[in-house]
Amino acid sequence: QVQLVESGGGLVQAGGSLRLSCAASISRYVMGWFRQAPGKEREFVAAITSSGSSTYYADSVKGRFTISRDNAKNTVYLQMNSLKPEDTAVYYCCGKDRLLYSGFYYSRNEYNYWGQGTQVTVSS
């Protein structure tokens with residue numbers, strides 16, 4: 001059983017930056033970040049393969065967010081720059097064992113481990 005613990009959320013003004021962290025024993029896991037705004041479905045934000053060699057982003061965050069990982073520190077990061085009010089949501093870290101990974105990095109059904117979420121609020 002893998003436990004994922006997110007941190008780093010908070011309140012920031014539009015145009016500002018935040019870095020989210022997800023701590024867990026994840027060296028062999030494909031990792032992702034999803035977010036869910038009030039009244040909306042949980043949506044894909046970014047994903048990274050177990051080695052870190054490939055990264056994927058939603059169009060809405062491409063060029064502003066960067067996903068990375070440090071397997072030695074058992075941590076995945078989401079650096080969020082140029083934040084917009086529409087980025088306001090609860091952000092969730094998730095993971096899937098690379099041996100079971102089907103390639104659908106953008107689908108929440110791909111991942112079987114989830115964190116509890118961290119709130120990000122961007123004020124205008």
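The values are calculated or read from the model by the stated rules, or taken from the named source; none is laboratory data. What you are looking at is a predicted structure, and each value in this text was computed from that prediction instead of being measured. Here Cβ is always computed from backbone atoms with ideal geometry, including for glycine, and neighbour counts include all displayed protein chains. These accessible areas exclude ligands, DNA and RNA; they are computed on the full protein's heavy atoms, side chains included. Shrake-Rupley method; radii C 1.70, N 1.55, O 1.52, S 1.80 Å.
In the range 8-36, the qualifying residues are those that are among the polar types (S, T, N, Q) and under 13 Å from the mean Cα position of the chain (by Cα), and the one that is nearest to residue 60 (Cα to Cα) is 36.
In the range 1-30, the residues that are without any contact (Cβ under 8 Å) to a residue 12 or more places away in the chain and within 13 Å of residue 116 (Cβ to Cβ) never reach a residue that is of a type in the set (A, V, I, L, M, F, W, C) and open to solvent by less than 20 Å² (accessible area, probe 1.4 Å) with C-beta atoms less than 7 angstrom apart, at least six apart or across chains. Listed by position, the strands (runs of 3 or more DSSP E) contained in the range 41-124 that have at least 3 residues being on the phi < 0 side of the Ramachandran plot and among the hydrophobic types (A, V, I, L, M, F, W, C) are 43-48, 75-80, 89-97. If you go through the range 16-38 and keep only what is modelled with pLDDT of 95 or more, open to solvent by 20 Å² or more (accessible area, probe 1.4 Å) and among the hydrophobic types (A, V, I, L, M, F, W, C), you end up with 18, 37.
The set of residues in the range 1-15 being on the phi < 0 side of the Ramachandran plot and either buried (at least 16 other Cβ atoms within 10 Å of the Cβ) or β-branched (Val, Ile, Thr) (or both) consists of 2, 4, 5, 6, 9, 12. Within the range 80-113, if we keep just the residues that are closer than 11 Å to residue 33 by Cβ and small (Gly, Ala, Ser), the residue that is surrounded by the most Cβ atoms within 10 Å (Cβ to Cβ) turns out to be 95.
Return the residues of the range 45-59 that are in contact with a strand residue (DSSP E or B) (Cβ under 8 Å, 6 or more places away or on another chain) and surrounded by fewer than 22 Cβ atoms within 10 Å (Cβ to Cβ); say none if nothing qualifies. Within the range 45-59, 49, 50, 52, 54, 55, 56, 57, 58 meet the criteria.
Restricted to the range 63-79, and to residues that are of a type in the set (Gly, Ala, Ser) and open to solvent by 60 Å² or more (accessible area, probe 1.4 Å), which residue is farthest from the chain's Cα centre (by Cα)? Give the steps one after another, and end with the answer.
From the range 63-79, those of a type in the set (Gly, Ala, Ser) are 63, 68, 72; that's our starting set.
Imposing the further condition that a residue be open to solvent by 60 Å² or more (accessible area, probe 1.4 Å) reduces the set to 63, 72.
Details: 63: 15, 72: 18 Å.
The selected residue is 72.
Suppose the filter is out of contact with any Lys or Arg (no Cβ under 6 Å at 6 or more places or on another chain) and either open to solvent by 60 Å² or more (accessible area, probe 1.4 Å) or closer than 15 Å to residue 10 by Cα (or both); does residue 116 pass it? Judged against the criteria, residue 116 is a match. Tallying residues that are at pLDDT below 95 and either touching a Cys at 6+ places or on another chain (Cβ under 7 Å) or hydrophobic (A, V, I, L, M, F, W, C) (or both) within the range 74-103 yields 2.
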